[in-house]
Amino acid sequence: MTAPYLSLESVRMDFAVGAKPYCAVRDIDLAIDKGEVVSIIGHSGCGKSTLLNIVAGLLRCSEGVVILDGKEVDSPGPDRGSTFTITLPGLLEAEAESDGAPEAARA
C-alpha cells in the first residue's frame, strides 16, 4: 500500500484566547493521494482557513502531524501555498446578469 501524498493525523489547533485556549480544529484525520481533488467546505468560523494554514506550514498544529510527500510540514515551503477567494454579496448576481442569465437563474 502506498502512503498518501498528504496526510493529516490527529491534527488539533488551539489558540490562546483570554485565560483559556480556544480549540479551532480537533481530531482531523485526512489522507489525500497525489492528483486527488478535495474541497473543504463549512460555515464561517469552522476552521477551514486554520486547517489550510496548517497544511501550508503557516501555522504549527497544537497536536498531531501533517505529512506532505513523506516529510513533516513544520514551516512554509515553496512546494505549497494557499489561495483565498472572497465573494461579495450581490457580486454573483451582477456577474450572472452581465452574462445574460435569466433573472430566475440568478437567485
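Derivation of every value follows stated rules applied to the coordinates shown; laboratory data play no part. Here the structure is a predicted model, which is why all the values come from computation and not from measurement. Reconstructed Cβ throughout: ideal geometry from the backbone, glycine too, with neighbour counts over all protein chains shown.
Ranked for footprinting exposure by Cβ neighbours inside 10 Å, fewest first, SER75, SER10 give SER75, SER10. Ranking of ILE67, ILE54, ILE28 by neighbouring Cβ atoms within 10 Å, starting from the fewest: ILE67, ILE28, ILE54.
The residues neighbouring GLU9, those whose beta-carbon lies less than 12 Å from its own, together hold a net charge of -3 under the Lys/Arg +1, Asp/Glu -1 convention. Which one, VAL38, TYR22, LEU52, is farthest towards the positive end of the dipole of region 6-75 when Lys and Arg carry +1 and Asp and Glu -1 on their Cβ? The listed residue farthest towards the positive side: TYR22.
Sorting MET13, MET1 from the fewest to the most surrounding beta carbons within 10 angstrom yields MET1, MET13.
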